[in-house]
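Worksheet: the structure to be examined is printed underneath.
The values are calculated or read from the model by the stated rules, or taken from the named source; none is laboratory data. Please read all numbers here as calculations on a predicted model, not as lab measurements. Note that we place each Cβ from the backbone using ideal geometry, even for glycine, and neighbour counts take in every protein chain shown.
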Amino acid sequence: IQNLGRLTPLFGSRSVFTSSKPDTANPNWLRVGLAFGTSVFLWGLVNKQHSADVQEYKVRNGLE
């Protein structure tokens, strides 16, 4: 319990890695593109897997 007093300044201090607030008027288009591209890619994988699963379900249950 005595060591907790020494740790509070570590958690209460400002992060040394944040130099300034992000500029919302000028976004980092590379990061935006990577985020959207990753999202589209993952949704594509989910849709492809879902279609394969539905097809397998239909074949197993004699629906096709």
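Could you count how many residues in region 24-64 are among the charged types (D, E, K, R) and under 17 Å from the mean Cα position of the chain (by Cα)? Working first, answer last.
Going through region 24-64, the residues among the charged types (D, E, K, R) turn out to be 31, 48, 53, 56, 58, 60, 64.
Remaining after also requiring under 17 Å from the mean Cα position of the chain (by Cα): 31.
The number of residues fulfilling the criteria is 1.
Which of the following residues is at pLDDT 90 or above, surrounded by 10 or more Cβ atoms within 10 Å (Cβ to Cβ) and either in a helix (DSSP H, G or I) or touching a Cys at 6+ places or on another chain (Cβ under 7 Å) (or both): LEU30, LEU42?
None of the others qualify; the one that does is LEU42.
Of the residues LYS58, LYS21, which single one is among the basic types (Lys, Arg), surrounded by 10 or more Cβ atoms within 10 Å (Cβ to Cβ) and at pLDDT 65 or above?
LYS58
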